[in-house]
1. What's the number of the condition T408 fails, among (1) among the polar types (S, T, N, Q); (2) within 16 Å of the ligand (Cβ to nearest atom); (3) surrounded by 23 or more Cβ atoms within 10 Å (Cβ to Cβ)?
2. Could you say whether any residue in region 176-192 is more than 10 Å from the ligand (Cβ to nearest atom), touching a residue at least 24 places away in the same chain (Cβ under 8 Å) and assigned to a loop (DSSP other than H, G, I, E, B)?
3. Select from region 7-48 the residues that are assigned to a loop (DSSP other than H, G, I, E, B), under 19 Å from F218 (Cα atoms) and among the basic types (K, R) and list them in ascending order.
4. Quickly run through region 193-226 and pick out the residues that are among the small types (G, A, S) and outside any loop (DSSP other than H, G, I, E, B).
5. Output the residue which, of all residues in region 93-114 that are outside any loop (DSSP other than H, G, I, E, B) and hydrophobic (A, V, I, L, M, F, W, C), is surrounded by the fewest Cβ atoms within 10 Å (Cβ to Cβ).
6. Need the failing condition index for V111 against (1) without any contact (Cβ under 8 Å) to a residue 40 or more places away in the chain; (2) within 17 Å of the chain's Cα centre (by Cα), just the number.
Amino acid sequence: MSEDLYYKTATELRRLLENRTISAVELVQSAIARTKATDDKVRAYLDTNEDEAIELARASDERRANGKILGPLDGIPVSIKDLIVEKGKLARCSSRILENFVSPYDATAIVNLRNSGAIPWGRVNMDEFAMGSSTETSYFQKTANPWDLERIPGGSSGGSAACVAAGQTVLSLGSDTGGSIRQPAALCGVVGMKPTYGTVSRYGLIAFASSLDQIGPFSRCVEDSAMLLDAISGYDPLDSTSYSGDIPNCAQAIPEKKGPWKLGIPKEYFPDNLDPEIRTAVEAAVDNYRARGCEIIEVELPHTELAIPVYYIIATAEASSNLSRYDGIRYTHRSEESTDALDIYFKSRGEGFGEEVKRRICLGSFVLSSGYYDAYYLRAQKVRNLIRKDFQNAFKQVDALLTPTSPTPAFKFGERTEDPLTMYLSDIFTINVNLAGFPALSLPCGLTSGNLPIGLQVIGQPLKEDDLFAIAHSYEQANDYWKLRPTL
Ligand code: GLN
């Protein structure tokens, strides 16, 4: 892809498609070429399904020639995290246990994407079963951060963040259970958004922790993120937790909402040990909002420090139940060593799951076991309510909260793999939002002296994604950090 094409936004590409400067086939071919030229370094893609993407692009060009495009994303490629299923394609969740699993159906988000004319293109790497913050637990490969190839891209949607940052694809779908969209977006210098729980259907999203999981967009700018969310969201009878009320049209709302807003700064998100360069960048972003007429109010979220322990009870409990279906009998890896039925379970799961996934299954089974359920799981649910109330109280005074997305910039491969607790702390500013079910996004707000991206997290009110996008967009308009690109 020529340089002036591969780092364009979807909003720009849409115009180029509209005025016939480029065709969808050219766009997809150039994305494939860029990926071929860079993915030996980045290793974001597990599969590229090139022929199918070109076929879909051809169909898009035909629709356009007949004046029948399906929407603003028609003809634009979107890479897919390896846990959102697509009919006829491998969906491996970056796990050995699903190494040969081909999905017999499309996730609702994929159906919606196709109905918008967008082109699902390629499967991208992730932490195994979305458990991790660095994409290092993938069974298949380690994805590198395009800003520094010796560092991790964040996780678990590391492949999605890295491919957008590397100019391989303009949009990607990831999933966020405790920060897996926002944290890698921050570490790779792109925009990543987690919608209100229930807004995007989870049908066909391979489950990790069902009460927390949400699919969401990766992009290079806020407007693109809103367009992609508009395309995939909406009520779905196939997901019992899907929200059936009205949801805003986000892309349309952005130019209409101009502020100024009341913005909350939760003091718990600026601890003394926060990386100083991250503190400086996020405080500068807050000053920028203030200078543009926003009122800045300090707020309290007193139960913040309980979020990590509560999350690692609830998420592991749900995971231990969700992952019990991978039994070595149906659609999973089966151990060749096994003799009888019980042996198949033990050996297939033993060989099929990686260390981190096993740790979570053990922890989850423990907190759900008889005699411990009340002490751990039930109690964690009560604290989860307190965390949600903290957010509800804060939002009585403000339209959004501004915080750092990640307490540190991208770290080196291997730096945290031996110490799960340090790894878990990577999500200290994002996990709370999942427990509360609120929407939030991360957007670029600076670079460290070592040339690593820093992310600003904007947390919004449930079902008010339109305000959230408008608030983030106003910052983007006033600053050029989102235009910075890595050299690959
Ligand atoms: N890093 C967190 C975990 O490992 C969050 C992952 C996610 O959001 N999928 O559980």
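1. With (1) among the polar types (S, T, N, Q); (2) within 16 Å of the ligand (Cβ to nearest atom); (3) surrounded by 23 or more Cβ atoms within 10 Å (Cβ to Cβ) applied to T408, the lone miss is (3).
2. Step one: list which residues in region 176-192 are more than 10 Å from the ligand (Cβ to nearest atom), which gives 185-192.
Remaining after also requiring touching a residue at least 24 places away in the same chain (Cβ under 8 Å): 185-192.
So of that shortlist, the ones also assigned to a loop (DSSP other than H, G, I, E, B) come out as 189-190.
Looking through region 176-192, at least one residue is more than 10 Å from the ligand (Cβ to nearest atom), touching a residue at least 24 places away in the same chain (Cβ under 8 Å) and assigned to a loop (DSSP other than H, G, I, E, B).
3. Initially, region 7-48 is screened for residues assigned to a loop (DSSP other than H, G, I, E, B), giving 7-9, 19-23, 43-44, 48.
Cutting the leftovers down to under 19 Å from F218 (Cα atoms) gives us 7-9, 43-44, 48.
Scanning region 7-48 gives K8, R43.
4. First pass over region 193-226, keeping only residues among the small types (G, A, S): 198, 201, 204, 207, 209-211, 216, 219, 225-226.
G216, S219, S225, A226, listed by residue number.
5. Of the residues in region 93-114, the ones outside any loop (DSSP other than H, G, I, E, B) are 96-98, 102, 108-114.
Now narrow it down to the ones that are hydrophobic (A, V, I, L, M, F, W, C): 97-98, 102, 109-111, 113.
Values: I97: 26, L98: 24, V102: 14, A109: 29, I110: 25, V111: 19, L113: 25.
Ranking the candidates gives V102 first.
6. The number of the failed condition is (2).
Each row is one residue, and each column tells you yes or no for (1) surrounded by 24 or more Cβ atoms within 10 Å (Cβ to Cβ); (2) at pLDDT 95 or above; (3) out of contact with any His (no Cβ under 9 Å at 6 or more places or on another chain); (4) on the phi > 0 side of the Ramachandran plot.
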position: A186; (1), (2), (3), (4): yes, yes, yes, no
position: G189; (1), (2), (3), (4): yes, yes, yes, yes
position: K194; (1), (2), (3), (4): yes, yes, yes, no
position: Y197; (1), (2), (3), (4): no, yes, yes, no
position: I206; (1), (2), (3), (4): yes, yes, yes, no
position: S211; (1), (2), (3), (4): no, yes, yes, no
position: F218; (1), (2), (3), (4): yes, yes, yes, no
position: D224; (1), (2), (3), (4): yes, yes, yes, no
position: L229; (1), (2), (3), (4): yes, yes, yes, no
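Rundown of residues vs (1) over 15 Å from the mean Cα position of the chain (by Cα); (2) over 16 Å from P444 (Cβ atoms), yes/no style:
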| position | (1), (2) |
| --- | --- |
| V190 | no, no |
| L212 | no, yes |
| S225 | no, no |
| L228 | no, yes |
| I232 | no, yes |
| Y235 | yes, yes |
| A251 | yes, yes |
| E256 | yes, yes |
| L274 | yes, yes |
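The values are calculated or read from the model by the stated rules, or taken from the named source; none is laboratory data. As the structure is a prediction and not an experimental result, all values here were calculated from the model. No Cβ is skipped: glycine too gets one built from the backbone with ideal geometry, and neighbour counts run over all protein chains shown.
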